[in-house]
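In what follows, a single structure is set out as structure tokens and then discussed.
The values are calculated or read from the model by the stated rules, or taken from the named source; none is laboratory data. Values in this document were obtained by computation on a predicted structure and should not be read as measured data. A quick note on method: Cβ atoms are made from the backbone with ideal geometry, for glycine too, and the neighbour counts reach across all protein chains shown. Areas reflect the complete protein model, heavy atoms only, side chains present, ligands, DNA and RNA absent. Shrake-Rupley method; radii C 1.70, N 1.55, O 1.52, S 1.80 Å.
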Amino acid sequence: MSPLTGVRVVEISSFVAVPLAGMTLAQLGAEVIRIDPIGGAADYHRWPLTADGESIYWAGLNKGKRSVAIDMRTIAGQSLATRLIVDCGILVTNVVGRQWHSSDTLRGLRRDLIHLEVPGRADGCTGVDYTVNAASGFPLVTGPPGAVGPINHVLPAWDVSCGLYAALSVLAALRHRDATGEGSTIRLPLDDVALTTASNLGFLTEVMINGVERPRVGNAIYGQYGENFTSSDGVVFMVVALTRRHFRDLVELTGTAKAVAAVAEMLDADFSDEGQRYEHRGVLTGLFAPWFARRTAEEIAAGLAGGSVLWERYQSFADVAEDPRVTANPLFAPLVQPRIGTYLAPGLPMSFDGRHISPQEAPFVGQDTAAVLTERLGMTPKDVAVLVESGTVDL
């Protein structure tokens with residue numbers, strides 16, 4: 001039995017954060033019913049697409065869910081969606097400002113309802129990952145030293161973090177409901193996720209306490225020694241020395257012990273201290289780089305594998321897709337995804353008692369409309385046909 005068997009959730013969402021939360025709950029065994037407008041929400045045809053125009057993106061973030069298509073612009077559609085939410089007892093949404101599915105309205109119909117809403121910002125203003133990121137401070141410390149202007153990261157980090165916080169919040173609310181019989185109203189602003197992370201990692205506190213901002217350091221690691229090096233055949237490696245042992249092994253591997261000692265004496269530096277390794281990273285990298293530049297990637301990998309230094313070669317997505325970390329990993333299993341094709345897809349990254357949860361196919365919009373309405377609301381096929389004819393739902 002999956003951990004959340006018996007839990008039922010309605011999701012009204014689009015894009016990343018809430019779909020990720022819903023999919024995480026579904027992969028843990030909850031019955032997650034995603035309600036979309038007829039024809040799909042704004043993310044139903046989001047890139048990347050297959051050659052036939054089907055969204056790979058949609059399939060990736062909606063695995064294991066059931067899909068119901070309802071015209072929620074109408075009173076009849078809102079009433080139908082409300083009945084499903086009240087029946088299931090949990091709503092997760094980032095479609096905010098709709099009185100009909102607000103916490104006040106829904107908890108008036110079911111007191112133990114769990115209502116989770118993800119607005120863009122705490123003050124009610126809109127925001128998506130890309131605008132929240134702009135106001136987070138991170139784009140101004142991303143990129144090489146001397147770069148001018150903001151540099152965005154590609155990963156929608158705040159959406160991903162928010163989605164996982166959202167799933168955790170639902171689990172905490174479920175625990176509370178099981179213990180007390182009470183529901184919960186949860187607000188999780190996307191902007192607050194970014195601000196919390198920036199503070200927890202010291203980026204904001206550094207300004208508040210020390211009065212200085214984090215500099216751009218490129219691919220270096222702030223406060224530690226970590227740099228990228230290129231082999232003679234053009235392969236780039238990320239090499240990290242977090243501890244004294246790591247640094248000692250890197251010095252020994254590159255044959256630079258005498259040079260490093262001479263530099264330490266000249267600079268009056270103690271390279272057993274991580275902060276001083278960071279401060280003098282430029283000269284240290286200059287000492288280590290020739291060893292990498294004279295060797296092939298295969299020779300470098302063999303040398304690094306023999307010690308404690310942390311390292312990995314940079315890989316493209318194409319490289320990763322063919323790597324045994326994917327192809328021979330029990331996390332991934334073949335998934336036959338209708339309209340997309342067959343590919344290796346992950347379940348959840350954790351295992352339970354040594355077992356990974358297998359991925360399930362994503363629905364197409366409206367795929368489960370008839371089944372959900374008959375199973376959850378007791379409608380007859382004739383009732384469903386009437387709703388289809390009126391344009392309230394779609395199959």
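In this structure, Arg245 and Asp353 have a Cβ-Cβ separation that, at R0 = 35 Å, corresponds to a calculated FRET efficiency of about 0.55.
With each run of n ≥ 4 DSSP H residues scored as -39500 (n - 2.57), what mean residue ellipticity at 222 nm is computed for the chain after dividing by its residue count and rounding to the nearest 500 deg cm²/dmol?
On the way: 17 runs with 165 residues, N = 395.
It lands at -12000 deg cm²/dmol.
Along the chain, the exposed loop sites are GluC sites (Glu not before Pro) outside DSSP states H, G, I, E and B with at most 15 other Cβ atoms within 10 Å, and the longest stretch free of them is 1-181. Measuring gaps between exposed loop sites in the chain (chymotrypsin sites (Phe, Trp or Tyr not before Pro); DSSP loop; at most 16 other Cβ atoms within 10 Å), the longest gap, sites not included, is 1-221.
If r is the Cβ-Cβ distance from Lys258 to Thr205 and R0 is 56 Å, what FRET efficiency results, to the nearest 0.05? Given R0 = 56 Å and the Cβ-Cβ separation, E is 0.90.
Using R₀ = 51 Å, calculate the FRET efficiency as 1/(1 + (r/R₀)^6) where r is the Cβ-Cβ separation of Thr74 and Asn219; round to 0.05.
Details: r = 53 Å, r/R0 = 1.04.
Efficiency at R0 = 51 Å is approximately 0.45.
Rolling a 1.4 Å probe over the protein heavy atoms gives segment 233-328 an accessible area of 58 Å² per residue. Within segment 103-204, the trypsin sites (Lys or Arg not before Pro) that combine a DSSP coil assignment with at most 14 other C-beta atoms in a 10 angstrom radius are Arg111.
One chain, two ends: Glu322 and Asp112. Fully extended at 0.36 nm per residue, the span grows by 70.9 nm beyond their Cα-Cα distance.
With every protein chain kept in place and ligands, DNA and RNA left out, what is the accessible area per residue of segment 42-195? Probe 1.4 Å, answer in Å².
48
When a 1.4 Å probe is rolled over the protein heavy atoms, the share of accessible surface on segment 1-79 that falls to carbon and sulfur comes to 61 percent. So the label point goes 7 Å from the Cα of Ser272 along Cα→C-beta, right? Which residues of segment 305-326 then have their backbone N under 20 Å from it? Answer for segment 305-326: 308-309. For segment 145-252, with all protein chains in place and a probe radius of 1.4 Å, 57% of the accessible heavy-atom surface sits on carbon or sulfur. Taking θ = phi - 60°, what integer Hz values does the Karplus form 6.51 cos²θ - 1.76 cosθ + 1.60 yield along segment 205-213, in sequence order, with x for Gly and Pro? Computed from phi, the couplings for segment 205-213 are 5, 4, 6, 5, 8, 9, x, 10, 9 Hz.
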